[in-house]
Structures are given as structure tokens and as C-alpha cells.
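Undergrad: Got a structure here, written out as C-alpha cells. Questions coming.
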Amino acid sequence: MYDAKVDIQSQASRFILPIMHFSRLPHRTSPNFSLPPDDGSLDIRQIIEYNGRQNADHPLYRYEHNGIQTISWGRAIKQFHRSAQLVLKNVALHEDSSSRVIAILANIDSITFSSLIIGIILAGYVPFPISKRNSVAAIVRLLASTGARYLYVSDDEGTYDLVTGAIHLLASGGSQEIALIPVPTFEDLSSDVEDGLPSLPPLLEIARDAPCAILHSSGSISFPKSITLTHRMVLQYGLLQRHQGINLSGEVLSAHSLPMYHLMGFLSIPLSSILGLTISFFPPNNVLSIPSADLVLSSAVETKSSMIFCVPSLLETWSSSPSSIAWLKMFSLVIFGGGPMKEDVGDLLFRSGVRMSHLLGLTETGPLTVFFPETILKEGWQWFQRTDVIKTMFIPEHGYDGVYRLIIQESTLHSPTNLTTIIDGVPSFDTKDLIIFHPENRNLFTTYGRADDQITHSTGEKTNPHPIEILLMKDQKISFAIMFGRSKFQAGVLVRPSSDYLFDVNDERLLEDYRNLIWDTVANVNRTSPQHSRIFKEMILVVCPEEPFETTAKGTVRRQAILTKYTLEIENIYAKVDDATLSGIPPLRSHDISDISTFVKGVVTEILQQQINEDDNIFRFGADSLAAISIRTSIVRTLQHSGLLSVESIRALHPDFIFLYPSIAKLSAYIHEAILMSHISLREVEEYEPNGLTFKPLPESNDTVVEITRGTTRKHQEPLILIHGAPGIIGVFAPLQGCTGPVWAIQVTNDTPISSIQTWSEFYMKKIKEKKPTGPYRLGAYSGSSLLLFFLVLQFEKHGDDVSELVLLDHFPTMILQGFDPEEVDTKSDIWFREFHEHTIKAITALCFRAKFSFGALMRQFGQFMMEVLEGSPSPLIGHLLVTNTENIMRRSMEFMFSDRFYVMNSQSGRLTWSRALFNDWMREVKAPITLYVATDGVLSLLGPELRDQMSDLGMLSVFPNAKVVTLDCDHFGILEHRRLLELL
């Protein structure tokens, strides 16, 4: 069961979805095709029989053989009947009739293959076509899992070897025998000779949820799994298109490249039967046509196909030929699916005027997006277009901003198989596909990756390999790239060079040369990847097997099979990295610069095998790129085990810091600075405190949740758990030790994840529950963390926890926008963020300079430090910490506030605009009672005089009219020691 969800359809009233026009596609219809009923009264068997009677002259198949040849429905139905009769005859020859599953493992042409599949269905059995790409072990698992007792096989050598191996393995395991049946030839099915074949029984009514056919998954994640398609599902594959008002009875769809054992090929049966499509295939004969890219395209053109359906790898091949692109432009529609396409290829074809439709589908669900669009989207080729006839949900994916998991819900029009979960009482299927929406049209989305492909590192951080691998494979020197690193600290990538760059990977010099050849590509990819997903040179595992990587029918590599095959090599590369941590170097135990210098000098000396001066450039004394890798690895590994730097701080180290600081002295200073920045604590606050404070400084603590006071009178009241202000430190909370009630504080620590507001609040929720497992909870925030507080409260409430009070100290989330026009906010622009950051720091320093009471001198000094950092002047490390923490929380707050969920289409301008109403609605999801404490000379002082009276409640009552507002006469920092506040908290 999922908690948080985004159901786009249920929010239709909030989004005015534009219709995008590019070029209309005039679908051809045939007056000679009588569409079968679309009310579901006929199943696929009955529709096939209907077409044999009512559409006898309509072409079903088309192929080229000494000119264009066609097979009409009238001729095809005879072949289907004969196929069914042969099935009954062959089954009758064997004693076992308990199994209804008839498997097919054969190398035959698609017309004969589809006729055999239909014949098995008409005979009352369930066809199970199996890919010859599977291993013997996979075939055995598929046969055993479906209970198949009959196997149609072809007599070619490759099939014979597979079948022989499978039968032997089944026999050795004590499984029931499989009856082998030779596949019929096209001539067998076309024969009119009466040879004692049994008569076909009448078609009896069959339950719509009864099995119609079985296909199997591609096996890109693990062993392929059998997937049963019910009669309802097969019927829906065609009827869904009919319900969109589509009539394609005059169109010819090229399916030359699509195998019948794959959903893309199997779809030709319901699409032709229900929509009247004519399917063009290679000619039916005993000499199979090898579907090379050139032959597929030329055959599609020669059969005068109006549309072509193919996998991306073919388009990538055709894109290199201007003549092939010219041919592609002749089709009214080029439909592709089954895997990702290289971005530069798609862009080239789109610019060239090729009319492309990107289809998303799964064997368990069938097609999920618009199959035959009436228009080509101007937004680009890479977007999938949602269809209203399939009920989709989009669940925010944990740990990823703007990324959703695609969920398909059962409906009267669409019934996926293997319904895996229940959401809002509706059986649903988790596709495990991760998607992102188009920024301006939420009817469009594209894939981000697969949830089951995500690599979870030992730190809990996740790497999404899909986009990184796609970028790497743009390099023509790389044939395939597969990332690894599950349960490891670092990510790595397994690379197979392109055919022109294969070499002996055991030759260390050649290996280094190849890594250098592709390093520019890897470095560019690293710049756009999260820190924990970056690839270091020593983590590039190059393999050059004699045979290409094993691929699925879709042309995608079998990821898990390949990673399993190279498990030893992967473990060895990690072991090699670990070995680079020199055992002879004493551990680093302190952040003292002398200790760090001794440690760094020991590492450099050990690796270079010579003594050098601290200011000497190591590259002038024999260090090369391999030595630099060893030095960096040793330093990083030692820092990991020392506990002096958090995981996040280690990730933040520059990947090339050895090259940037190429001497012992510079390296030592760099590491010293990194450690000090990571360990700024409350001690620095104490150092800058003036004399005469009326309260004690807080004791130093590295915990996320810190107890401030147990209260002076109401000791048994639930504690108020107060989030830090924007700078992340809680030293300013020292006056709260005088509160009558208990107070805990939350501070930013080395382990605080800051990738998004969601991960930030999830971390705080986890830490709070470690200290206080059950509610009720009193939660609050000071200053610029108010948005984080709302997110945190919503998480507690969605978890079923009772939040008895939400407390805001001199801030409200919409105050973040003061001084900025929402229409000009651009969270994807570093330039805009720099301007926003400067504005925020200046606002905070203005509050610091207005501080009075006990905090006056201290805050003015902090404000001066922050301005020094902003201006690039020398400043103590505490200044850098305050500025960095502020930038982090404000950036994440703005990224959330201006995420897609808060945009609507402006009907006048036709543009997506930010909606304050939607954002206010989101805040109103909070159920807890709210109290806001406002300082008269606090954030109100940042507003112009004309706004101060209007905004005396900081804009909160317009959102929460029943909330409580308490006004206190003090400044932004003085509120923390105001007597009234200390009594009320």
C-alpha cells in the first residue's frame, strides 16, 4: 500500500491540458472492412471467425515475393482452421491431455508463426511462444512453471540443440516428459488436401479471465518469467484503440522486425483482428529472412506499408544513412518501443521530419500510452502521451524530486495481469517504471529508469544507472555500459568497448590507454551526476568477451545476467581499490594540521617510494595518473574509517583534488579545511559570545536531536521539538533553557541528507522517532525552516501519528517569496539561484544587525561574517558554515515550492504559471493546530512600511484563518528570550 500519491486524473480540474498540434496524420480506412463489435460481446476467437465471414476479401497479411502478395481474411481463416485441426490431431497422439499449454520454440516465418498461435487458440489450447534467445536453464524454468506438456519445435540445428539440452535437464530433474511436435510449414497450413484431420468443435462460451496465451518477460533483470494473457486482456489490446475513435482498416503496418514471441509481435493478432490493420511480414517460406536493418526497411517500403513498428536499435542504424531517413519520412507513422533510443539519433530523425510515436508497454499490461496518435507532438520524440482509457497513477518515488513510479489500476476498460498491490481499494499493478513529467504538459512523460535497477549503496544513497549509461553509450568507443555498486560505497561501471576498440584487458598499459580514451566522456557525465554516483577511473571495469553481451529480444542487455557473470571481476576491482589503502600508514586520529601532514606525507612517500619536500609537486617526482589514483584512494579510505568526515563530506571532496593540490602541503591544507568545515560545532558559537549573557551556552553535541530543557514547571508535558533556523545551528536556542515546558532542538549534522526537502524531513522524522517512538508530537520551526516543518508534520500525519501542535517562530513559508515575482522564479538556473541566495543572505544579515537583547553583539558579528563570505573576503569558518547551510535549505525549499505540482495552465497566456492557491492547498493538508509567534521587529522589518500592517500575521491567516497569532515586541533573535514566549512554550 502506498501512502503518498499523485493521481493526475483525479486532479483534472486543476490542470487545463493543451492539445498539441504538429502535423495531422490522415489515417486511411477501408470501406470493405466491417468492424467487429466493440462492446466486448465477442472474444478474440469469435472476432477471428467474424472476420473470416464478414471481411473475407479484406487483406490480413501482405508480403513481397515477385511483387506484392496478400492473404485475405477469407484465405487466412482456412489456414487458421487447418492449424487448429493439426493441433488437435497432434495432441490426440499423446496420452497426456491434462495440460492446456502448448509451447512453441521454433525458427519459422511470422505468418506461419501467427497462424500456429491462432490455431492453438481456436483448438481450445493456450499457446506459449518462447524466444530462442533464452538459455537452456531459462527454457526449462518456463516449461516447468507453466506445466506445458507439448512443445512445437523446428528442425534447424540451433533449435535442436536448445530442445535437446532442455529435455535432458528436465529428465534429470524427474520432470514429466514433454511431447515434441514438428511445427507445420506454410504449405501444410495452405493445403486443401483432406487427410483425415479431426473436425473443429463449435466455439463454446469462454470466461473472459481464462488464459488466452502465455508470453514471457525479456529477462533483463533475472530469469524470464511466464506471463499469462487472459482473453479479456487480448481483447482490450485492440478495443482500447477503438475506444479512442481510431479506425485503421486501410493502413498497412510493417512488423517485419517483430518476433511473435514478444508482445510487440503478438499485438499484430488483436490489432489486425479488431482494427482491420493489414500486417506486412517477410514472405512465408522455409528459408528464413534474417531481419537486418536494411532488409527490414526495404521490405517495409516494397510492401507499401504506411506505418512501421520497430525497436530503437533499428532506427539508430537507419539514422546513419540519408537514404534510409528519406524512406522513413515516407511512412505516415514510425512507432518504436521496447527500449531507450540514443538522444542524438532521436533528435536527428525528429528534425529530419520523421513522424515518430514513442510507445510504452509491458507484457503484463499491453500498450500503456497512445499507440496511433492523430498528431505528432511538437514537444519532441522522447515523450510518451498519456491515454485517458487507461487508469494511471503516479506515486512520488522516495528519495527523488520530481520522479514518480508508474502504477496501472484495474478498470472496466483495462485489466493488467499480476495485480501486485491495492491502492484506494482498487487492484493495481506496479510497473516499477520511474517517470518524469514534461515541464509544461502533464499529459506527457518520459522514463527516468527502473525502480528495480536502482543501485543502493552501503550509505543508503541510490544511483539511477539508466540516464548515466545512456550518456556513456553516446561515446562511439563504448558498445555497452552497465553500472554496478549495490551495497558498496562507490559506484562503478562495466564497459564493453566498440568493435574497433577491443583489446587485451589483461594488458595494464592498454587498459590505462582505453580508460584515458573514454575519460572525457566519463568526466562530462560525472559533472551532471550526483556525487555518490560519480565514476572514478579505477572503477571502470573493461571487458572484451569474444561474444557480444547477451541481449533480450528488445535489444537491451540482460543486466543481471551480465553482472552475475562478472561478479568475480567486480569484486576484484573493489578489492584492488581497498588494497590501495596502505596498511603501513598509521590511522588518522585527529584534525590537527600536523597529524594530517604526517599522514599525507606517509601516503605519498609509500606510493612514490621516495622522500620529497612538502612543497614539491608530486608529478615532478614520478607521480602519474595511476599513482594519483592510489594516493586519492588511500586518503579517502582512511578518512572513511577515521570518523573525522561524514559520508556526505567525503562525497563532496573534489574528484581531482590530487591534481588540484599536487603537493603534501597543499593536500594537507585541503584535507584540514574539509575536516574543519565538517566539524564546525556549537563551540564556535561560544567563542563569539559577548560577556554578560543571561543564559548558559548549550553543551556541545553532535546528535541531530538535542535536549535543551526538561522544563521548569510542567515536566511531564510533551516536548516541543524545534527545527533550527536557516543557518542550521542551534546555539541561538540557548535562551530556551528558561522555558517552562520541555524543549528539544534539531540541528544540521554531518549526516543530514540535503538532496531534497523530502529526504531532509524523512531523516528528521527518523531521528525524532528514535528518541520518541510514539506521539503526540509538538513540532516547531524557527525562521527559515518553516517549509521544512510543514513537510515534516505532513509526514508524521500521513504515518498516522498525532501532531498536537505546530509552532512557527517568526516565519511562514510564503515569506520566502518576499521580494521575488513567482513568474520570474527559475529554479533550474544557477544565475537566478545566485541572485536569490544573495538576497536571502542580505536579509538574514539585516536581521542580525537589528538584533538587541543578549544576542545583539553576537548576531552582529555573525552577520558581518556572512557578508564577508558573500563578498569573497576572508572570513572564519563559522561564516562559511552559516552561508552554506542557509543556501542548502533555501534552495531545497524553493525547488519544492516551484516543483511541477504547483503549476497550472494559464488559459489566457497558454503558459504554465505558479499557483499560490495550489501551494496553499498543500499547506492546508496539515491537520495540527497552528500557533505563530511574530516579532514586531523581526522578519516584518524586511517588508516595506505599506506591507507591514497588511502582513502583521506574515500572511498566515489568509491560509489558516483559525490559527493563533501571538505578537511579541522584540527583534528576530530576541523572540527566543522573550519572557512571554518562554512561558507559553
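The values are calculated or read from the model by the stated rules, or taken from the named source; none is laboratory data. Remember, it's a predicted structure, so these values are computed and weren't measured experimentally. A quick note on method: Cβ atoms are made from the backbone with ideal geometry, for glycine too, and the neighbour counts reach across all protein chains shown. Just so you know, the surface numbers come from the protein's heavy atoms only, side chains and all, with ligands and any DNA or RNA stripped out. Shrake-Rupley method; radii C 1.70, N 1.55, O 1.52, S 1.80 Å.
Undergrad: Taking amide H atoms as placed 1.01 Å from N in the peptide plane, list the residues 5 or more away in sequence, or in a different chain, whose amide H sits under 5 Å from that of residue 227.
TA: The list, which skips near neighbours in sequence, is 215, 216, 217.
Undergrad: Full-extension gain between residue 53 and residue 193, please, as 0.36 nm times their residue separation minus the C-alpha to C-alpha distance.
TA: Between residue 53 and residue 193, full extension yields an extra 48.2 nm.
Undergrad: So if the hydrodynamic radius of the stretch 814-912 is defined as the Kirkwood radius over C-alpha pairs, what does Stokes-Einstein give as its diffusion coefficient at 4 °C and 1.567 mPa s, in µm² per second?
TA: Working: Rh = 15.1 Å.
Roughly 86 µm²/s, to the nearest whole number.
Undergrad: Okay, moving on. Could you grab the relative contact order for the chain? Cα pairs under 8 Å, six or more apart, rounded to a whole percent.
TA: 8 percent
Undergrad: Can you give the direction-averaged projected area of the convex hull of the alpha-carbon atoms in the stretch 593-679, in nm²?
TA: 5.0 nm²
Undergrad: Shifting gears a bit: What trypsin sites (Lys or Arg not before Pro) does the stretch 921-984 have in DSSP loop regions with at most 16 other beta carbons within 10 Å?
TA: 924, 927
Undergrad: I would also like to ask the following. Once you treat every alpha carbon in the stretch 618-664 as an equal point and sum by Debye, what is log10 I(q)/I(0) at q = 0.18, 0.22, 0.28, 0.31 Å⁻¹?
TA: Rounded to two decimals, the profile gives -0.56, -0.78, -1.07, -1.18.
Undergrad: Over the C-alpha atoms of the chain, what are the Rg and the largest Cα-to-Cα span, Dmax, in Å?
TA: Cα-based Rg and Dmax for the chain come out at 33.7, 112 Å.
Undergrad: Calculate the FRET efficiency for residue 452 and residue 769 from the Cβ-Cβ distance with a Förster distance of 25 Å, rounded to the nearest 0.05.
TA: Working: r = 28 Å, r/R0 = 1.12.
After rounding to 0.05, the efficiency reads 0.35.
Undergrad: For residue 708, which sequence-distant residues (separation of 5 or more, or a different chain) have an amide H within less than 5 Å of its own amide H, given hydrogens modelled in the peptide plane?
TA: 743, 744, 745
Undergrad: What list of ³J(HN,Hα) couplings, whole Hz, do you get for the stretch 488-501 from phi and the Karplus terms 6.51, -1.76, 1.60, once you set θ to phi - 60° and write x for glycine and proline?
TA: 10, 6, 10, 8, x, 9, 9, 10, 10, x, 5, 4, 6, 10
Undergrad: For residue 565, which lysines qualify as cross-link partners when the Cα separation must be under 29 Å and same-chain residues fewer than eight apart are set aside?
TA: Cα-Cα hits under 29 Å: 132, 225, 342, 432, 462, 474, 477, 488, 537, 554, 576.
Undergrad: How much FRET efficiency would the formula 1/(1 + (r/R0)^6) give for residue 168 and residue 317, where r is the Cβ-Cβ distance and R0 is 56 Å, rounded to 0.05?
TA: Working: r = 38 Å, r/R0 = 0.68.
About 0.90, to the nearest 0.05.
Undergrad: Same structure, new question: Using θ = phi - 60° and the Karplus form 6.51 cos²θ - 1.76 cosθ + 1.60, what ³J(HN,Hα) does each residue of the stretch 296-302 get, whole Hz, x for Gly and Pro?
TA: Calculated HN-Hα couplings, in order: 4, 5, 5, 5, 4, 5, 5 Hz.
Undergrad: With the other protein chains left in place, how much accessible area per residue, in square angstrom, belongs to the chain at a 1.4 angstrom probe?
TA: For the chain, the per-residue accessible area is 42 Å².
Undergrad: Return the calculated 222 nm mean residue ellipticity for the chain, to the nearest 500 deg cm²/dmol, obtained by summing -39500 (n - 2.57) across DSSP H runs with n ≥ 4 and dividing by the residue count.
TA: Taking each H run of at least 4 residues, the total per residue is -11000 deg cm²/dmol.
Undergrad: Now for a separate question. Order 159, 605, most accessible first, counting only protein heavy atoms with a 1.4 angstrom probe.
TA: 605, 159
Undergrad: How big is D, in µm² s⁻¹, for the stretch 748-854 by Stokes-Einstein at 25 °C and 0.890 mPa s if Rh is the Kirkwood radius over C-alpha pairs?
TA: 154 µm²/s
Undergrad: Can you pull the accessible area of residue 243 for me, 1.4 Å probe, Å² to the nearest 10?
TA: The accessible area of residue 243 comes to roughly 90 Å².
Undergrad: Enumerate the amide H contacts of residue 60 below 5 Å, restricted to partners 5 or more residues apart or on another chain; note that Pro and chain-start residues carry no placed amide H.
TA: Here 71, 72, 73 satisfy the definition.
Undergrad: Given the chain, what percent of its DSSP beta bridges are antiparallel, to the nearest 5?
TA: The antiparallel fraction comes to roughly 50 percent.
Undergrad: Dipole magnitude of the chain about its Cα centre, charges +1 at Lys/Arg Cβ and -1 at Asp/Glu Cβ only, in debye to the nearest 20?
TA: Once rounded to the nearest 20, the dipole reads 1500 debye.
Undergrad: Note down the net charge around residue 597, summing +1 for each Lys or Arg and -1 for each Asp or Glu among other residues with Cβ under 12 Å from its Cβ.
TA: On the way: positive: 601, 666; negative: 592, 595, 614, 615.
Around residue 597, the charge tally is -2.
Undergrad: Here's another thing I want to ask about it. Can you pull a Stokes-Einstein diffusion coefficient for the stretch 363-511 at 37 °C (0.692 mPa s), Rh from Kirkwood over Cα pairs, as a whole number of µm²/s?
TA: The calculation lands on 182 µm²/s.
Undergrad: Write out the GluC sites (Glu not before Pro) in the stretch 433-542 meeting two conditions: DSSP loop, and at most 16 other Cβ atoms within 10 Å of their Cβ.
TA: 440
Undergrad: Something else now. Carbon and sulfur: what percent of the chain's accessible surface (1.4 Å probe)?
TA: Working: 20700 of 41260 Å².
With neighbouring chains kept in place, the figure for the chain is 50 percent.
Undergrad: Compute, for residue 411, the solvent-accessible surface of its heavy atoms (probe 1.4 Å) with the complete set of protein chains present, and express it in square angstrom to the nearest 10.
TA: Accessible area of residue 411: about 40 Å².
Undergrad: A further question on this structure: Could you tally the net charge around residue 43, taking each other residue with its Cβ under 14 Å from the Cβ of residue 43, Lys/Arg +1 and Asp/Glu -1?
TA: So the environment of residue 43 carries a net charge of -2.
Undergrad: List the lysines whose Cα sits under 21 Å from the Cα of residue 772, skipping any in the same chain fewer than 8 residues away.
TA: Output for residue 772: 715, 798, 927.
Undergrad: Only sites in a loop by DSSP and with at most 13 other Cβ atoms within 10 Å count here; which trypsin sites (Lys or Arg not before Pro) in the stretch 584-624 make the cut?
TA: Those satisfying the criteria are 589.
Undergrad: Follow-up. Tell me, what is the FRET efficiency for residue 941 and residue 673 to the nearest 0.05, using R0 = 30 angstrom and their Cβ-Cβ distance as r?
TA: The formula returns an efficiency of 0.25 here.
Undergrad: Please work out how much length the chain gains when fully extended from residue 107 to residue 411, using 0.36 nm per residue of separation minus the C-alpha to C-alpha distance, in nm with one decimal. If you can, show how the numbers build up before the last one.
TA: Details: separation 304, 0.36 × 304 = 109.44 nm, distance 3.76 nm.
Residue separation times 0.36 nm, minus the Cα-Cα distance, leaves 105.7 nm.
Undergrad: Using packing as a proxy for protection, rank 377-386, 743-752, 866-875 so that the peptide with the highest average count of other Cβ atoms within 10 Å comes first.
TA: Peptide ranking by packing, descending: 743-752, 377-386, 866-875.
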